[in-house]
1. Once phi is turned into θ = phi - 60°, what whole-Hz ³J(HN,Hα) does the Karplus curve with 6.51, -1.76 and 1.60 give for every residue of the stretch 209-216, x standing for Gly and Pro?
2. About its Cα centre, how strong a charge dipole does the chain have in debye, to the nearest 20, once Lys and Arg get +1 and Asp and Glu get -1 at the Cβ?
3. Classify the stretch 206-340 from the C-alpha gyration tensor, please: rounded if a/c falls under 1.5, else prolate or oblate depending on whether a/b exceeds b/c.
4. For Phe25, Phe89, what's the fewest-to-most ordering of other Cβ within 10 Å of each Cβ?
5. Give the peptides 39-49, 256-266, 91-101 in descending order of average Cβ contacts within 10 Å, highest first.
6. Scan around Val281 for amide H atoms under 5 Å from its own, H built in the peptide plane at 1.01 Å from N, and keep only partners 5 or more places away or cross-chain.
7. Report, by chain and number, residues whose modeled amide H sits under 5 Å from the one on Val214, excluding near sequence neighbours (fewer than 5 apart, same chain).
8. What's the local net charge at Gln85, with K and R +1, D and E -1, over the other residues with C-beta under 12 Å away?
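Readers should treat all values here as calculations from the given coordinates under stated rules, not as data from a laboratory. Since the model is a prediction, treat every value here as computed from it, not as a measurement. Reconstructed Cβ throughout: ideal geometry from the backbone, glycine too, with neighbour counts over all protein chains shown.
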Amino acid sequence: MTPEELARLKGAMTPSYPFAGVPTFLRVPIQSDVSRLDADVAVLGIPTDEGSPFLPGSRFGPRGIREHSLRFGSRGYYDGRDDRQYLDFELENGLVADLGDVDVLPTNAEGTWDNITEAMRGVLSSGALPVVLGGDHAISAPVVRAWDRPVHVVHFDAHIDYSPFRHGFMYTNTHPMRHIRAMPHVASITQLGIRSLRNGMTDVHDSLGDGNRVIAMEEYRDVMGRGLVEQLPRDIPVYVSIDIDVLDMALVPGCVSAEPDGLTYNELRETLIALSEHTEVVGFDLVEVNPLLDIGTGITSYLAAHTIMEFLGHICAQPRWIERRQERAESRRRRATGEA
Ligand code: MN
Ligand code: MN
């Protein structure tokens, strides 16, 4: 889309209020054809909760998060903490696209997973940074499967998500990290905020035995986010998976698996900012928002949109991201004109 077309679209069709209009993420343009994706950042919804053995409803997560993202307007946000504007360049130049949702095949988990991986491969081959809206946590496995180069996975969660595969029971939100660990391109996994009393001892021991770093709340509070991030490998890109239940129970009424003794919002934000500064973040997801369980003000969806916006804002504010703007623009131009 040319800047003129974009300006015309915005001028003609962008309502001023969050309750009006079509809710794409931050009201960015829809680009539903992944093969023609022309953006630096691609938002992808995965509306499935078939991996939720307990209360369903996180299939409405992408819609809830998009809707509440509209409360931030469409021109980036101002952060008084450092007196600066974030995401303004990306949003004003049409560099963020909303791809819409992956096609879900009800009762066919493997088919849905294939669609997720295929959509993700399309995003990655376009060069855009994927921002994934869940869905329950099962979706992270087919998302991470799409990479074909080494990644380190940083997993925020109250839960270890490392259940063994038994009787074909393997596509749930209790399994994603066991799938991810088995992928040859996944160099390592760091699990943060792990604390649920429902985490089985053998699951935790299996994760540790497989070489994952498991950081419980005591260690987290001891070292804090920045200290932890400084211990991560620097020479390898990082994929980040955020289960909203890593935050304290009181913050996330719209999450079926909320647990006590979790992170404060500031603790999560500081860790995400440190990740954006110290590592190359090549994509992230936010999962387990369930609008059906949320309270009337939709604060869980709101907090999810808030978290995504701030994390993305800091990723796009890093020198390594800004330095490559020209390179990305050139590669988008070559893609659009069909040059190799
Ligand atoms: Mn989880
Ligand atoms: Mn969890």
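1. Values per residue, Gly and Pro as x: x, 7, x, 6, 8, 10, 10, 7 Hz.
2. For this selection, approximately 640 debye.
3. oblate
4. Least crowded to most crowded, the residues run Phe89, Phe25.
5. By packing density, highest mean first, the sequence is 39-49, 91-101, 256-266.
6. Val238
7. Long-range HN contacts for Val214: Gln191.
8. Net charge around Gln85: -4.
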